[in-house]
1. Got a sec? Which strands (runs of 3 or more DSSP E) wholly within the range 208-281 have at least 3 residues that are touching a helix residue (DSSP H, G or I) at 6+ places or on another chain (Cβ under 8 Å)?
2. State the number of residues belonging to the range 179-208 that are open to solvent by less than 40 Å² (accessible area, probe 1.4 Å) and under 30 Å from ALA137 (Cα atoms).
3. Among the residues of the range 130-150 satisfying the criterion of being more than 12 Å from the chain's Cα centre (by Cα) and within 16 Å of ligand 1 (Cβ to nearest atom), which is most open to solvent (accessible area, probe 1.4 Å)?
4. Pick out the one residue from LEU292, LEU308 that is touching a helix residue (DSSP H, G or I) at 6+ places or on another chain (Cβ under 7 Å) and either open to solvent by 50 Å² or more (accessible area, probe 1.4 Å) or not acidic (Asp, Glu) (or both).
5. Report, by residue number, each residue of the range 151-173 that is open to solvent by less than 10 Å² (accessible area, probe 1.4 Å) and within 16 Å of ligand 1 (Cβ to nearest atom).
6. Out of (1) part of a loop (DSSP other than H, G, I, E, B); (2) open to solvent by less than 80 Å² (accessible area, probe 1.4 Å), what's the single condition that is false for SER286?
7. Looking at this structure, is ALA104 in contact with a strand residue (DSSP E or B) (Cβ under 6 Å, 6 or more places away or on another chain), at pLDDT 95 or above, closer than 22 Å to ARG206 by Cα and away from ligand 2 (no atom under 16 Å from the Cβ)?
Amino acid sequence: MQSLVIFGATGSIGTSTLDIIACHPDKYRVYALSAFSHMEKLAHLAQRFSPKVLIVPDEKAKKDVLSFYQGATVPEIRIGQEGLCETAKDPLADTIVCAIVGAAGLKSAYAAAQAGKRILLANKEVLVTAGALFMKAVKDHHATLLPIDSEHNAIFQCLPKQDSTKYLQKVIITASGGPFRNIPIDSLATVTPEQACKHPNWNMGRKISVDSATMVNKGLEVIEAKWLFDLDVSQIDVVIHPQSTIHSMVQFIDGSLLAQMGHHDMRIPISYALAYPDRISHQAASFDLSQLTQLDFMPPDNQRYPCLSLAFKALKEGIGACTILNASNEIAVQEFLDYKIKFTQIAETIATMLQQIQLPVLTTIDEVVDFDAEVRTKTLQYLHSLRS
Ligand code: NAD
Ligand code: MG
């Protein structure tokens, strides 16, 4: 029986994870759930899965979640980043599912690594902002890291388990191209948040949906792959594959190419990571090859997706640049979702911040967290200056 913590339980990944767990009550027990908003939903999840602990952002959220909760045994409520980190290290938890969105999940994921936990990582921003430090903590404390992000899960499935990169030539990360793959480039300036969040294949949270539309998501995934699999940037290719049937590929030095295929349903990579090294069934439909009509592949267009080149640039410049890329993107995406800037200003903002902010040397998680906060402030100041 695995005892599970789900950080970001009310989100898209959190909900899909709980869907799978509900099918296997003999294998998984929910120990703790966290959420930042939607306290009514968190209370319902608590009634359904009976966790011992809930983690909420503040005292008001604690009051709210308790007011909605109607179960017999009231869970312990922990608060804020401290509550998340305490739970990540809790001796009663075996597996931590990191499904918070953004760099807000960094400290708790790092705490889980330091505690040597089994970590199921969806929260790619952790590796983008602090890849080297996080991977060192995983190694030093013998944590087990299993990727949930579908592309990395596909690569993980295709790589040999021993000497995984010994005969590797490169990994090929697939991208759907998002909802704006075919619209005229000069109309990108006027697309709306609603259009950007309407992903053609995947149903995801709003931030990652916008990231997919700009393709900064693929850039974040390139950085994520670098750290997860210890790759050189020259070993990572991105290809547009509009059907999202192949979730990524691995090419070996003898020319063999292995791909992992399936429906675009996050329950597939989540269940793989949950059960690893076994496999478990779940409710995602199985893949019917007779329905497969076409598999298309094309290179990404830099003009349409400037964020992808910005991510490659940041990766070459190092950890400070990756933190700038991530933090300025998080701010710009939120401003776009709030109708304050245009879609095309997301890439412009990242490019400006990468140009303007001096690169620091970052050697600890606290330094990364402080620098991340500084970039956010500077990005907001820059965007306000454009409006004044
Ligand atoms: P979401 O917006 O649907 O859910 C995010 C969760 O994090 C919610 O439970 C929310 O309450 C919590 N949260 C938000 N801000 C927080 C904060 N400041 N502090 C603590 N908790 C906070 O997001 P999602 O789509 O489930 O994505 C979660 C992560 O998984 C992201 O890093 C995303 O890139 C990654 N991911 C998602 C998908 C997908 O299909 N949704 C696929 C691959 C990777
Ligand atoms: Mg992905």
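1. Details: elements: 236-240, 246-252, 257-261.
Fully inside the range 208-281 and qualifying: 246-252, 257-261.
2. Within the range 179-208, the subset open to solvent by less than 40 Å² (accessible area, probe 1.4 Å) is 179-180, 187-189, 191, 193, 196-197, 199, 201-202, 205, 207.
Imposing the further condition that a residue be under 30 Å from ALA137 (Cα atoms) reduces the set to 205, 207.
Selection size over the range 179-208: 2.
3. Going residue by residue through the range 130-150, those that are more than 12 Å from the chain's Cα centre (by Cα) are 130-146.
From the residues that got through so far, the ones that are within 16 Å of ligand 1 (Cβ to nearest atom) too are 130-131, 134, 145-146.
Numbers: ALA130: 0, GLY131: 2, PHE134: 0, LEU145: 28, LEU146: 4 Å².
Per the criteria, the residue is LEU145.
4. LEU308
5. Selection gives HIS152, ASN153, ALA154, ILE155, ILE173.
6. (2)
7. no
Conditions tested, residue by residue: (1) assigned to a helix (DSSP H, G or I); (2) open to solvent by 20 Å² or more (accessible area, probe 1.4 Å); (3) touching a helix residue (DSSP H, G or I) at 6+ places or on another chain (Cβ under 9 Å).
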position	(1), (2), (3)
GLY320	yes, no, yes
ILE346	yes, no, yes
ALA351	yes, yes, yes
GLN355	yes, yes, no
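The values are calculated or read from the model by the stated rules, or taken from the named source; none is laboratory data. Everything numeric here is computed off the predicted structure, so don't read it as measured data. When we count neighbours, we look across all protein chains shown, and the Cβ atoms used for this are built from the backbone with ideal geometry, even at glycine. Please note that ligands, DNA and RNA were not included when accessible areas were found on the heavy atoms of the full protein model with its side chains. Shrake-Rupley method; radii C 1.70, N 1.55, O 1.52, S 1.80 Å.
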